[in-house]
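Visitor: Starting off with a structure, shown below.
The values are calculated or read from the model by the stated rules, or taken from the named source; none is laboratory data. Predicted model, so just to flag it, every value in this text is computed and none were measured. Reconstructed Cβ throughout: ideal geometry from the backbone, glycine too, with neighbour counts over all protein chains shown.
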Amino acid sequence: MHRNNDDNQSGQMTTLILRTASTYLMPLLLLFSIFILIRGHYEPGGGFVGGLIASIALVVYGYANGLKRIKSFLQFHPGGLIPTGVTLAMLSGIAPMFLGKPFMTGLWLDQQLPIIGHVGTALFFDTGVYLVVVGTTLTIIFSIGEEIDS
Amino acid sequence: MVILLALMVGLMYAAGIYLVLRRSLVKLIIGLILLGNAANLLIFLIGGITRGEPPVIGEGEFTLGEVYADPLPQALILTAIVIGFGLQAFAMVLLEQEYREAGVTDLDSLKDEDTDDQ
Amino acid sequence: MLTAVLVGFVAALGFAFAGNHMRKSVSYWIPFLPASLFVYFALMVDPVLADGAILFQYNWAESMGVSMNFRLDILSLLFALLITGIGTLVFLYSTAYMRDHKQLDRFYGYLSLFMASMLGLVLAENLITLFIFWEMTSISSFFLIGFNYRDKKAGRAALTALCITGGGGLLLLVALLMMGQLAGTYSFTEILQSGDVLRDSSMYPVILLLLFAGVFTKSAQFPFHFWLPEAMRAPTPVSTYLHSATMVKAGIYLLARFHPVLEGPGLWQNTLLIVGGITMLFGAIHALFRTDMKAILAYTTISALGIMVFLTGLGTPAALAALGLFILVHALYKSSMFLVTGVLDKTTGTRNLTQLRGLGKYMPLVFAAGMLAALSNAGLLPALGYHSKHLFYEASLGHITHSTLLTGLALVTNILLLAAGLLIGLRPFTGQPSHHPAERVSSLLWLPALLPGLLAVAAGLAPVFMEKTLTSPFAKELTTTAFEGHLHLWGGFDQLLMLSVMTLAAGLIVYWKFSTPKESRVTLVNREKLSPGGLMYKAAVQLRNFFKTLIHILQNGYLRYYTSVIVGFLVLLMGLRIQYSLEFNYDLARILDIQAIEAVTMLVMVISVVVSVVSKSRLLAVASLGSVGLCICLIFLYFSAPDLAMTQFTIDTLTVVLFVLLLNGLPAYLLKADRGIHWRDLILAGGFGALIFLFTLEVLNQPTDSGINAFYAENAYLLAKGKNVVNVILVDFRGVDTLIEIVVLAVAGLGVFSLIKLKVTDAPE
Amino acid sequence: MTDHSILIPILIQLTTALVLLFMWNRIHLQRRASVIGNAIGLAYAIYLFQKVYNQGILVTQGGGWEAPYGITFAADLFSASMILIASASGFAVSIFAAGSMSKRRSMFVFFPIFHFLLMGIIGSFLAGDLFNLYVWFELIIIASFGLITFGGGKRQLEGALKYVTLNLLASILFITGIAFLYGLTGTLNMADLALKTAEVENKNLLTITALFFFVGLGIKTAVFPLYFWLPASYHTPLSAISAIFGGLLTKVGVYTMLRIFSLFFLPDPFVSNVITVVAIFTLIAGAMGAMIQNDLRKLFSWLIVCHIGFMIAGLGMYTTIAIAGAVFYLFHDIIVKTNLFMISGLIHRITGSFKLKKLGGFYAHYPSKTLLIAIPLFSLVGIPPLSGFWPKLLLINGGLDTESYWLIASILVASFITLFAIGKVWIEVFWKKGATVTPKKHFVTFGELRYIHKVGFVLPIAALGAISLFLAFGAGWVFTVSEQIARELMNPESYIEAILNQNN
């Protein structure tokens, strides 16, 4: 992914700028994506968009700093997020079945939490969505990136 | 605006089909992506379009007002967009792998499997 | 009764699992199976003669009107006795004939399967059950013809037989179903009452033709006869059993079975007379010109089957009495001849008549068997054949309009057949010995060959008994009018005697003329290329080549051609339909309400779409694709869909990133295009787009209000506790969609991963 | 009746797939877990079937939102039987895959994707919402994309490219159809749609929408002239994958056509005529293709196309007896086609080739396996009383009822050519003197396999053969079930009522 690094001066310059910018941007964007995820139930946003923003943040970071850096940042293969996310979403769907309710029935805590508001299975579900989106996007991009590198 | 959007949908379907009929692997993918977008736009258009009334319940209210955009097509499109992305990503990678294996991007040269009946 | 039919299947299954463990000694016990069945059916003779028809009822797929009922009347009883009787002989004979064969388990398995199927076929009372057994005889015949499976020609012969009889079977099925529909039942006993309904139906000729197709293919009538001589590649006991004594008579059985229901002047009689007449003459002529004994037997069998069809066509009580008798006579003498041939083949290693002479000296009992069979075939006293030949002439003379022609035809056929019979029964045994067979002929070989001959003589000497048990009830069963004629040993100097004498005299002359078979004669009649079989084979090859060309045009490997056919098909169908439907009464104010910024966005979008299509630079095309996505994103924003806009924007970005990543390694953008194709595609794509446009407007013109969005608007917060209704729909109202959708995404990720990472280096599987 | 547990077959597959994903790289565990998962799935499918058989239509609403607001799942007899048959063939393929795939190959993702595919298939049988059905379809196609390219290789990718492109096109046409239908009725719930489509005044619009569905589903179902992807791709992947494709994928399309067309679009003379004509051409074209092939798997692929014609023919005639025939054929076809491709895998493993010219001598060396293989082969031909025969009987009867003589003629031609083609296979593969196996590099022949893997090859073939025999000799009962399904399809009132007017 960073094959063009040594091509010429200006290329290096852009990369440098991008690298610096992404180093600061990435955590911000990740935070923003989580914000988007949580507020999705009330304002435009949600798991999809949140997940996509997070992926873009990581992709841009990876593009600037190289695949290895991002791998060491993540500490695990993003593929692992996929089953985790699906499991989370599935469990929040199955949970009501144990109470004799139909699959995917929303269950809610009576009390509201600060910032997040109502807590219910929908939020867990949306978090699952978020994880799957991040996992899948990164798996795809990383697989391609690794192949191009090799 | 409906008529323009309808025209647009028609144009995108036409452009998509036209591209899918080309010999280039890359055009094939661009065509498929265009078709996917066209279908999403079609659902959006057919669901009915409304200006400036997003289906979000306002502060302190409990239901949507009198006028609001139909949220159902939006939800459908959202699902369709994401699914479409998954499929398109797969198709793109397949294209690239196909090129790596066969060494060409010309679809016309990929016909041995069908015609060889020995 | 059910046990009687099914025991053969059970035995077949048993043999199949016995594998190569089956010891030879076991095979000596096998003939007891058909023998005991024979005894069982023989005990049924009296009850059947007393009652006419006995029904045995067993349930099966009743919901479809299919049952396992069996009907035992004189017709099915005759066949059942033949099947089990000849079966006993053949099984007995096989114990010696196949003694050294390695795969006895298969042989007896197929043979039992066949016997059971054949029994089922003749006993079945239900049309569908009858058809099931009918097809099973075809299949077991397939296996038996191909028994020497390493022989490529045996394989081909088996396939030919399967295709001819199987194809006929399919047509027969339609005939049976039509009858079932018209009569409202598949039960034969009930259909027997519906003869008039069937005959009066407009489908009557169709039913007849389809039925004939089944009959003629199975019973080897011209021009479908050619599979039968080829089928002689089967081991001789098999040829004896299937291809002369029983299976090929299944068609005749069917004709006789449906005679009371379907017979009538016109199509039924004429077709049968013509086809039967041609077949009997054709087979008889061909038989004389062969040198291979089994080939001679095959053609005489064809001829005999022709006679049977011919007799059914005559349809008078006399003819049907003759049919009943001839079925028995033919089975007896033909099985005997086959078994004799088998003995000669086994002991000398050849069946070629030019090489076989003077063997009577070494195997007098086999000679006796051959002579008795030839005697019966010749229709000489005291053999049973005498009576059947008499009845045959009586029947042909009895035809109202064309008695001379038909009798002449019968006469010529009989003369030729008589000569052919002598070629088998007499010629190999006389003259200078050609071989010195080393070992004595086992009694298990000559006894089954001799028994039918002795039986035929015994029966021939008891005409009154035969009349009471066979000819009279047989004719009555098929026509409901009793047969008035009588069988007797001496009928005085009449027309019939004269015909018999003529047959004998001319037959001997023909035999004398043909008694030295020459290979050159075979080629004289054996015009492979012009024979029906050769022509059909040629047609099949031509057809296959035609299919090949056609399939290569259809399935030509060009993806864009496939796509254009699919799109073209849809456009065609829509075009066919849309011409009556469009109305165009739009609410112009609504559809033309355009704001400036929207118009600009649309303009940008149009340009982007066009550029992505026509651009000669790949990067530009991808960039315009991104631009199209951004414009859609704006449209979503203008029209109250912020969630969509956000998603579209992020997805669009990722798509472009992916594209750029992947495109790096690819060669130059491929721009080849033929101008003609270019325009054709443009018209197709444009047409499709235009239809979508028109149809969209038309659909938008339809008033719809389902109240579903109102439900969401009211309950999103109150029941589902969310204010962003789109998100509430996604995670709650239609949460299942979303769950599957993330699974889709997950699988896409896994798929891409395996596509890139999993490279195969070993063999394709 | 409301019954939330009808989703359990889906959840079993999903859970199995997830468990397998967490077992990343532990192939031995994956194999076992897959077989166990499918065994549980099959057991539950049997339970569900008998429940539906006894209690009638069972319904659950996703999220507890009553129809038509939420997503409906309904298990009527048709769905329950399809789930049962699909689970059975899924179970068989799972054993076959565990036995037949070398360790290297089954690495990573095969089993999880396989279970996601089964999940999609079962889901689409239960779906009572049109858009939800679309999503299930997308799951099926993305999983099938993953499988058809599984292992890579030039031939496979070439086939996959056509498969992927045309299936994406099908999805786009299908969603376009959904958009139009939503535009016409404003609802997505299939039961609700059945009511609303009846109210649409301009029937022409409905007919044109039907065409989108017909072509979209027609591509998935592989009817003439939309089948091109099938002969181009089905012979390229591993046999276990071809087996599940050949057995189930096109049949999901058939199921959906039967379901959707009987609910919304039929009776409509134009649509019926289109379907009938397409059925005729499908039968003939598939038969022609099968007649000329010399590669075992290509031949089977063309036979898939050919036999789709039987089922579509039933829909075209649209009488109870014909639909019952189509449904019966559907059951039979799933079992037999799955088995055929497993058989081709077994033959290949033993002899090292798929080419008729190179094969031979199978009967001489493997008599008991030949016997085993004979059952599905002759069932396919429809030699009575094997399972292919009964539905044909019903279809011809349906043809006589509706006086569709061209259809009957093409059914006969197709049956005849199938007979010829299978007869040819029999002679070439089983009878002809065989060439000796020339071992390729890395190729492990059957004889060298461990015993347990041999069982994995043979057991599923035997099991599906046994099911074929059950369909054959229990034809009366199978017909009763098919006929009831046909009646429910022809008169969907009870289905609609169960979904819309249920008391939660």
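Visitor: Pick from B:28, B:7, B:64: which is assigned to a helix (DSSP H, G or I), buried (at least 24 other Cβ atoms within 10 Å of the Cβ), within 7 Å of another protein chain (Cβ to nearest Cβ) and not hydroxyl-bearing (Ser, Thr, Tyr)?
Guide: B:28
Visitor: Out of (1) buried (at least 24 other Cβ atoms within 10 Å of the Cβ); (2) without any contact (Cβ under 8 Å) to a residue 40 or more places away in the chain, the odd one out for residue D:371 is which?
Guide: (1)
Visitor: Then there is this: So, of the residues in segment C:8-43 that are buried (at least 19 other Cβ atoms within 10 Å of the Cβ) and farther than 16 Å from residue C:95 by Cβ, which turns out to be modelled with the lowest pLDDT?
Guide: Here is the first cut: in segment C:8-43, the ones buried (at least 19 other Cβ atoms within 10 Å of the Cβ) are C:8, C:11-12, C:15-16, C:22, C:27, C:30-31, C:33-34, C:37-38, C:41.
Now drop any that are not farther than 16 Å from residue C:95 by Cβ, which leaves C:8, C:12, C:16, C:37-38, C:41.
Values: C:8: 83, C:12: 81, C:16: 73, C:37: 91, C:38: 91, C:41: 91.
By that ranking, first place goes to C:16.
Visitor: Shifting gears a bit: With surrounded by 23 or more Cβ atoms within 10 Å (Cβ to Cβ) and at positive phi as the only criterion, which of D:382, D:398 stands out?
Guide: The match here is D:382.
Visitor: Taking the condition at the interface with another protein chain (Cβ under 7 Å from one of its Cβ atoms), under 24 Å from residue D:119 (Cβ atoms), touching a residue at least 40 places away in the same chain (Cβ under 8 Å) and among the aliphatic types (A, V, I, L, M), does residue D:166 pass? Please lay out each step first, then the result.
Guide: Numbers: at the interface with another protein chain (Cβ under 7 Å from one of its Cβ atoms): yes; under 24 Å from residue D:119 (Cβ atoms): yes; touching a residue at least 40 places away in the same chain (Cβ under 8 Å): yes; among the aliphatic types (A, V, I, L, M): yes.
Spelling it out, residue D:166 is indeed at the interface with another protein chain (Cβ under 7 Å from one of its Cβ atoms), under 24 Å from residue D:119 (Cβ atoms), touching a residue at least 40 places away in the same chain (Cβ under 8 Å) and among the aliphatic types (A, V, I, L, M).
Visitor: Further question on the same structure: For segment C:336-379, what are the residues that are at positive phi and surrounded by fewer than 18 Cβ atoms within 10 Å (Cβ to Cβ)?
Guide: Residues satisfying the conditions are C:349, C:358.
Visitor: Which ones in segment D:231-281 are part of a helix (DSSP H, G or I), of a type in the set (S, T, N, Q), buried (at least 24 other Cβ atoms within 10 Å of the Cβ) and in contact (Cβ under 8 Å) with a residue 60 or more places away in the chain?
Guide: Matches in segment D:231-281: D:233, D:239, D:242.
Conditions tested, residue by residue: (1) assigned to a helix (DSSP H, G or I); (2) among the β-branched types (Val, Ile, Thr); (3) farther than 24 Å from residue A:143 by Cα.
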site: C:611; (1), (2), (3): yes, yes, yes
site: C:619; (1), (2), (3): yes, no, no
site: C:626; (1), (2), (3): yes, no, no
site: C:637; (1), (2), (3): yes, no, yes
site: C:643; (1), (2), (3): yes, no, yes
site: C:646; (1), (2), (3): yes, no, yes
site: C:658; (1), (2), (3): yes, no, no
site: C:662; (1), (2), (3): yes, no, no
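Visitor: Right, next: Determine which member of the set B:41, B:76 is more than 7 Å from chain C (Cβ to nearest Cβ) and either part of a loop (DSSP other than H, G, I, E, B) or closer than 26 Å to residue D:164 by Cα (or both). Spell out how you get there, then give the answer.
Guide: Numbers: B:41 fails: more than 7 Å from chain C (Cβ to nearest Cβ).
Being more than 7 Å from chain C (Cβ to nearest Cβ) and either part of a loop (DSSP other than H, G, I, E, B) or closer than 26 Å to residue D:164 by Cα (or both) holds for just one of B:41, B:76, which is B:76.
Visitor: Another question about this same structure. Looking at B:89, B:102, can you tell me which residue is buried (at least 24 other Cβ atoms within 10 Å of the Cβ) and within 7 Å of another protein chain (Cβ to nearest Cβ)?
Guide: Details: B:102 fails: buried (at least 24 other Cβ atoms within 10 Å of the Cβ).
Result: B:89 is the single residue among B:89, B:102 that is buried (at least 24 other Cβ atoms within 10 Å of the Cβ) and within 7 Å of another protein chain (Cβ to nearest Cβ).
Visitor: Take residue C:682 and tell me if it is of a type outside the set (Gly, Ala, Ser) and closer than 30 Å to residue C:701 by Cα.
Guide: Spelling it out, residue C:682 is indeed of a type outside the set (Gly, Ala, Ser) and closer than 30 Å to residue C:701 by Cα.
Visitor: Given the options D:122, D:141, D:148, name the one that is at pLDDT 95 or above, within 20 Å of the chain's Cα centre (by Cα) and more than 7 Å from chain C (Cβ to nearest Cβ). Quick ask: steps written out before the conclusion?
Guide: Working: D:141 fails: at pLDDT 95 or above; D:148 fails: at pLDDT 95 or above.
Of D:122, D:141, D:148, the one residue that is at pLDDT 95 or above, within 20 Å of the chain's Cα centre (by Cα) and more than 7 Å from chain C (Cβ to nearest Cβ) is D:122.
Visitor: A further question on this structure: Search segment C:54-67 for residues that are surrounded by fewer than 16 Cβ atoms within 10 Å (Cβ to Cβ) and pair each with any residue that is assigned to a loop (DSSP other than H, G, I, E, B) when their beta-carbon atoms are under 6 Å apart and the residues are at least 6 apart or on different chains.
Guide: That search, which allows pairs on different chains as well, returns C:56/C:1; C:57/C:69; C:58/C:68.
Visitor: Right, here's the next one. State the number of residues belonging to segment C:719-756 that are facing another protein chain (nearest Cβ under 7 Å) and either among the hydroxyl-bearing types (Ser, Thr, Tyr) or in a loop (DSSP other than H, G, I, E, B) (or both).
Guide: The number of residues fulfilling the criteria is 7.
Visitor: For segment D:216-230, which residues satisfy the criterion of being within 11 Å of chain C (Cβ to nearest Cβ) and either assigned to a helix (DSSP H, G or I) or not hydrophobic (A, V, I, L, M, F, W, C) (or both)?
Guide: The initial filter retains those residues of segment D:216-230 that are within 11 Å of chain C (Cβ to nearest Cβ), namely D:216, D:218-219, D:223-230.
Within segment D:216-230, D:216, D:218, D:219, D:225, D:227, D:229, D:230 qualify.
Visitor: Let me ask something additional. All but one of (1) without any contact (Cβ under 8 Å) to a residue 60 or more places away in the chain; (2) of a type outside the set (Val, Ile, Thr); (3) over 30 Å from residue D:351 (Cα atoms); (4) within 10 Å of chain B (Cβ to nearest Cβ) hold for residue C:703; state the number of the condition that does not hold.
Guide: Going through (1) without any contact (Cβ under 8 Å) to a residue 60 or more places away in the chain; (2) of a type outside the set (Val, Ile, Thr); (3) over 30 Å from residue D:351 (Cα atoms); (4) within 10 Å of chain B (Cβ to nearest Cβ) one by one, residue C:703 breaks only (4).
Visitor: Only one of C:285, C:302 is under 25 Å from residue C:454 (Cα atoms) and in a helix (DSSP H, G or I). Can you tell me which?
Guide: One residue alone meets the criteria, C:302.
Visitor: Out of C:663, C:670, C:658, C:682, report the one residue that is under 22 Å from residue B:22 (Cα atoms) and touching a strand residue (DSSP E or B) at 6+ places or on another chain (Cβ under 6 Å).
Guide: Only one candidate qualifies: C:670.
Visitor: Could I ask something else about it? Determine whether residue D:240 is within 11 Å of another protein chain (Cβ to nearest Cβ) and not aromatic (Phe, Trp, Tyr).
Guide: Working: within 11 Å of another protein chain (Cβ to nearest Cβ): yes; not aromatic (Phe, Trp, Tyr): yes.
It is true that residue D:240 is within 11 Å of another protein chain (Cβ to nearest Cβ) and not aromatic (Phe, Trp, Tyr).
Visitor: For residue C:191, only one of the following conditions fails: (1) touching a residue at least 12 places away in the same chain (Cβ under 8 Å); (2) within 19 Å of the chain's Cα centre (by Cα); (3) over 25 Å from residue D:411 (Cα atoms). What is its number?
Guide: Looking at each condition in turn, residue C:191 falls short on (2).
Visitor: Let me spell it out: the conditions are (1) basic (Lys, Arg); (2) out of contact with any Phe, Trp or Tyr (no Cβ under 7 Å at 6 or more places or on another chain); (3) within 7 Å of another protein chain (Cβ to nearest Cβ), and residue C:675 meets all of them except one. Which number is the exception?
Guide: If we test residue C:675 against (1) basic (Lys, Arg); (2) out of contact with any Phe, Trp or Tyr (no Cβ under 7 Å at 6 or more places or on another chain); (3) within 7 Å of another protein chain (Cβ to nearest Cβ), just (3) comes out false.
Visitor: Within segment C:388-410, how many residues turn out to be crowded, with 19+ Cβ neighbours inside 10 Å and part of a helix (DSSP H, G or I)?
Guide: Residues flagged as crowded, with 19+ Cβ neighbours inside 10 Å and part of a helix (DSSP H, G or I) within segment C:388-410 amount to 13.
Matching residues to (1) closer than 25 Å to residue D:140 by Cβ; (2) more than 19 Å from the chain's Cα centre (by Cα):
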residue	(1), (2)
B:35	yes, no
B:45	no, no
B:58	no, yes
B:64	no, yes
B:69	no, yes
B:72	yes, no
B:76	yes, no
B:84	yes, no
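Visitor: Taking the stated definitions as given, is residue D:290 farther than 28 Å from residue D:347 by Cβ and of a type in the set (Gly, Ala, Ser)?
Guide: no
Visitor: Within segment D:174-212, which residues are over 27 Å from the mean Cα position of the chain (by Cα) and more than 9 Å from every other protein chain (Cβ to nearest Cβ)?
Guide: Once the filter is applied, which keeps residues that are over 27 Å from the mean Cα position of the chain (by Cα) and more than 9 Å from every other protein chain (Cβ to nearest Cβ), segment D:174-212 yields D:195, D:197, D:198, D:199, D:206.
Visitor: Right, another one. Scan B:47, B:58, B:36 and give me the residue that is more than 7 Å from chain C (Cβ to nearest Cβ) and touching a Gly at 6+ places or on another chain (Cβ under 6 Å).
Guide: Only one candidate passes the filter, namely B:36.
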